[in-house]
Amino acid sequence: MKSFANVNPKDLGQVVATLQEARQAGKKVALVGGGSDLLGMIKEGLAAPDLLVNLKNLKEFEGISSYSDGVRIGGLTTLDTVIEHSLIRSNYTVLSEGAATVATPQIRNVGTLAGNLCQRPWCWYLRQGFPCFKNGGNMCYSSVGENQFNAIFGGGPSFIVHPSDTAPALVALGANFRIVGPDGERIVPASEFFILPSQDIARENVLKEDEILVEIQLPATAKDRKSTYVKIMDRDAWTHAMVSVAVVLDVSQGICSRAKIVLGGVAPIPWQVSNAASMLVGQQITEDLADKVGQVTVEGARPLAKNGYKVQMTQALVKRTLIALAGQAA
């Protein structure tokens, strides 16, 4: 393993200055919150930082607080805190449920929300060190190889799927991300944070090399809002979604006035299906309507040789989730 230095900045200003200085000196830098994904990348030879920047002293970016327009969650807040917080569990259930499906209790106890959002892909070829697009190479091995768990939407030239369970939930909730760097801070909608391989083959999000995701901002929730996150895995724990769905519905007197459906495990980014969700607006959600929405959800899917099962699985999962959530709103 390559040797590296470690620094412990006392505040955000020092973090930004350290990042800027390191980049100017041509050093590779890695930010460390929980560090679980980074540790795996280093062990697998997929990351070789010259400098680790420990964020543990940035206590102001831990925790959850309410404000006039909604809720703020610090980027360094652990997934376990997100899961257990009463306000998140009651008003932003989809996020609590999404966080609860991540990895194992031990990982959730140290893993941070920002880290979960910014983790690298878990494609088998990347993690085994193949020289694929995501590892500095010039091809996607999964496009013609073992692609059972790869993308059916938005793929090409790489067919990775985004591994985060909290990302679809935050996109469905209409969250904003606060990002800080040497040029100041900017607010990016969660729906615009993640980027397709066709936009930038080397990256999965809009973060610049000297920027940090410090805060997640959730808008105020509606009175009649119901939400949920459902994930299908190939084993009970410590794995990523084969298919998942985040659904947010506003239902009053049996009629849906707002709907968001975001898929996970099927695309390189959290995959919004706005055309399918719009079918629910102004309607009572019945089994027949849920079935039609499921069918529209998978329109445009382009499965690879070995992951066609994801089309039927996605359609069925969306239908089942809508029926269950509509039942809660009744």
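Bear in mind that the values in this text are calculations on the coordinates, not laboratory data. The shown structure was predicted, so the numbers you read here are calculated from the model rather than taken from an experiment. Quick reminder, even Gly has a Cβ in these numbers, built from the backbone with ideal geometry, and neighbours come from all protein chains shown.
Which of the three applies to the range 284-330, rounded, prolate or oblate, going by the alpha-carbon gyration tensor with a ≥ b ≥ c and a/c under 1.5 meaning rounded? Cα axes put the range 284-330 in the prolate bin.
For residue 28, a cut-off of 19 angstrom between C-alpha atoms picks up these lysines, skipping any fewer than 8 places away in its own chain: 2, 43, 134, 208.
With a/c under 1.5 counting as rounded, go ahead and sort the range 63-138 into rounded, prolate or oblate using the C-alpha gyration tensor (a ≥ b ≥ c being the square roots of the eigenvalues; past the cut-off, prolate if a/b is larger than b/c, else oblate). Since a/c reaches 1.5 and a/b is larger than b/c, the shape of the range 63-138 is classed as prolate. Viscosity 1.567 mPa s, temperature 4 °C: give me the Stokes-Einstein translational D for the range 225-329 in µm²/s, with Rh taken as the Kirkwood radius over C-alpha pairs. The calculation lands on 94 µm²/s.
Give the Kirkwood hydrodynamic radius (Å, one decimal) of the chain, defined as one over the mean of 1/r across all pairs of different Cα atoms.
Mean inverse Cα-Cα distance, inverted, gives 20.4 Å.
If exposed means no more than 15 neighbouring beta carbons inside 10 Å and the site is in a DSSP loop, what's the longest run of the chain without any exposed GluC sites (Glu not before Pro)? Value returned for the longest uninterrupted segment is 45-145. With N the number of residues in the range 1-56, Rg(Cα) / (2.2 N^0.38 Å) evaluates to 1.09. Taking the chain as a Gaussian network, Cα atoms linked when under 10 Å apart, which of 261, 88, 42 shows the biggest mean-square fluctuation? Per the Cα network of the chain with a 10 Å cutoff, 42 tops the list. Highest mobility in the GNM of the chain, judged by mean-square fluctuation with C-alpha springs under 10 Å and restricted to 112, 286, 81, is found for 286.
Cross-link partners for residue 231 among the lysines, with Cα-Cα distance under 18 Å and sequence neighbours closer than 8 places in the same chain left out: 260, 310, 319. In the chain, the DSSP-assigned H stretches of four residues or longer account for a calculated mean residue ellipticity at 222 nm of -8500 deg cm²/dmol, using -39500 (n - 2.57) per stretch and the full residue count as denominator. Mean-square fluctuations from a GNM of the chain, with a 10 angstrom spring cutoff on Cα atoms, peak among 260, 310, 28 at 28. Oblate is the label for the range 103-254, because a/c, from the alpha-carbon gyration tensor with a ≥ b ≥ c as root eigenvalues, is 1.5 or above and a/b does not exceed b/c.
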